[in-house]
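Each remark here refers to the structure printed beneath this line.
Laboratory data are not the source of any read-out in this text; all were calculated from the coordinates shown. All values derive from a computational prediction rather than experimental measurement. Cβ atoms come from the backbone with ideal geometry, glycine included; neighbour counts cover every protein chain shown.
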Amino acid sequence: MKQILPRCLTAFLLCLPALPACAAEATPVEIEFSRQQSILHGRGTLRLEGYVIDRGLASYAHALMPGFEDAVERLGPKDRWLDIGAGRGQAIIDYYAPPSDADALRKPPRRKADTVAMSIEDRRMEAWHQTAARLEPGQMRYVFDKPLRAFSAADLGGQFQLISDVIGGFSYTEELSMFMERVMSLLTVDGVFYSALQDVRNEDGDNKPFYPNEPFLTRIFDEKGAETSICAWLRRIQCAEVVCMPKSGWKPPLQTYRVRKTCEAVSVPRLERTRFVAGTPPERSFRITPAPAAAR
Ligand SMILES: C[S@@+](CC[C@H](N)C(=O)[O-])C[C@H]1O[C@@H](n2cnc3c(N)ncnc32)[C@H](O)[C@@H]1O
């Protein structure tokens with residue numbers, strides 16, 4: 001899924017009109033952000049092969065920790081599911097697929113949960129609109145045009161029992177701690193976040209980056225500058241029960257995460273971004289910033 005941009009393509013992406021990096025004095029990080037925007041918005045031949053936007057529910061179950069499928073299955077008629085970085089929204093389209101005759105005989109169909117698919121760019125196709133037309137108005141929403149951190153709970157119609165992210169905002173955001181703060185604020189107590197990251201250090205620190213001579217794709221360093229794992233950082237979130245697990249059969253390898261919100265007094269250790277290189281997904285490094293004295 002990781003992809004290095006050919007130099008000529010990079011130059012083309014950089015010169016798309018109306019991007020800040022085309023201004024004369026863009027800083028290196030602004031140039032990377034601008035390249036990332038070009039990747040996110042690429043369509044037709046400009047959509048990079050590594051930028052996958054159409055994984056369905058079965059692929060989500062394959063990428064996420066065991067238990068995700070059951071969590072979707074258990075959603076009741078009053079529950080809500082947010083898919084962050086939904087691409088075309090195929091996983092949600094699949095969720096609403098009519099049951100087969102045999103399934104309908106075994107278990108009478110019941111109203112399904114409400115869902116919100118979120119994407120920075122609008123990737124909806126006809127299948128999305130056809131599915132939405134079969135449901136109650138508003139049961140299946142698609143929100144776009146901005147990153148997760150720019151949406152409030154009110155914008156999204158309230159909190160969620162289930163939040164998923166398959167190589168979406170968790171992999172792409174340049175503001176990882178703000179991202180996690182927003183995820184935690186959008187979960188109900190007992191609500192669960194399922195996600196995965198490619199090519200990252202595992203909790204025991206005994207794995208190596210997938211690509212020779214390249215670093216892990218997302219890296220976290222502690223307050224003393226020692227490299228730690230995403231899992232260790234997630235475990236420091238207050239009011240979160242965290243399970244981390246490698247998922248076999250993926251190249252690059254995947255680490256999967258399950259975060260359950262256990263109480264309201266959430267506190268996410270702040271991260272400062274120290275590196276961002278555009279890609280599918282981008283290469284990112286963060287440093288945990290010391291907690292303010294009063295909060296220690
Ligand atoms: C590679 S696609 C993955 C789509 C889908 N999950 C799949 O597996 O097919 C990345 C998705 O994440 C979205 N995305 C990236 N950064 C985001 C952010 N900070 N907040 C919300 N969505 C984001 C993109 O707009 C896009 O919909």
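Assorted remarks:
- Coupling constants for the range 236-242 follow from the phi torsions by the Karplus curve (6.51 cos²θ - 1.76 cosθ + 1.60, θ = phi - 60°), and in residue order they are 8, 6, 6, 6, 10, 9, 10 Hz; glycine and proline get x.
- Rounded to the nearest 5, the antiparallel percentage of DSSP beta bridges internal to the range 54-295 is 50%.
- Projecting the Cα atoms of Phe221, Cys239, Gln37 onto the dipole axis of the chain, where Lys and Arg carry +1 and Asp and Glu carry -1 at the beta carbon, places Cys239 farthest toward the positive end.
- Taking the Cα centre of the range 66-167 as origin and assigning +1 to Lys and Arg Cβ atoms and -1 to Asp and Glu Cβ atoms, the resulting dipole is close to 260 debye.
- With contacts taken as Cα pairs under 8 Å and at least 6 residues apart, the range 182-238 reaches a relative contact order of 28 percent.
- Evaluated with a Cβ-only charge set (Lys, Arg +1; Asp, Glu -1), the chain carries a dipole of roughly 160 debye about its Cα centre, given to the nearest 20.
- Whole-number D in µm²/s for the chain (Stokes-Einstein; Kirkwood sum over Cα pairs; 20 °C, 1.002 mPa s): 106
- Ordering Ser195, Ser34, Ser185 by the number of other Cβ atoms within 10 Å of each residue's own Cβ, fewest first, gives Ser185, Ser34, Ser195.
- Cut-off under 5 Å, modelled amide H: who pairs with Ser164 long-range: Leu82, Asp83, Ile84, Tyr194
- Entry note, the chain: relative contact order of 18 percent, from Cα contacts under 8 Å with a spacing of 6+ residues.
- On the principal axes of its alpha carbon atoms, the range 141-249 extends 44, 31, 29 Å, with the longest extent given first.
- Amide proton proximity set for Gly191, modelled H, under 5 Å, gap of 5+: Lys261
- Non-local Lys pairs in the chain, i.e. 8 or more apart or on different chains, that have alpha carbons under 16 Å apart: 5
- The phi-based Karplus calculation (6.51 cos²θ - 1.76 cosθ + 1.60; θ = phi - 60°) puts the 3J(HN,Hα) values of the range 255-260 at 9, 10, 9, 10, 10, 9 Hz, whole numbers, x for Gly and Pro.
- Extending 7 Å from the Cα toward the beta-carbon at both Arg74 and Arg270 defines two label points whose distance is 3.6 nm.
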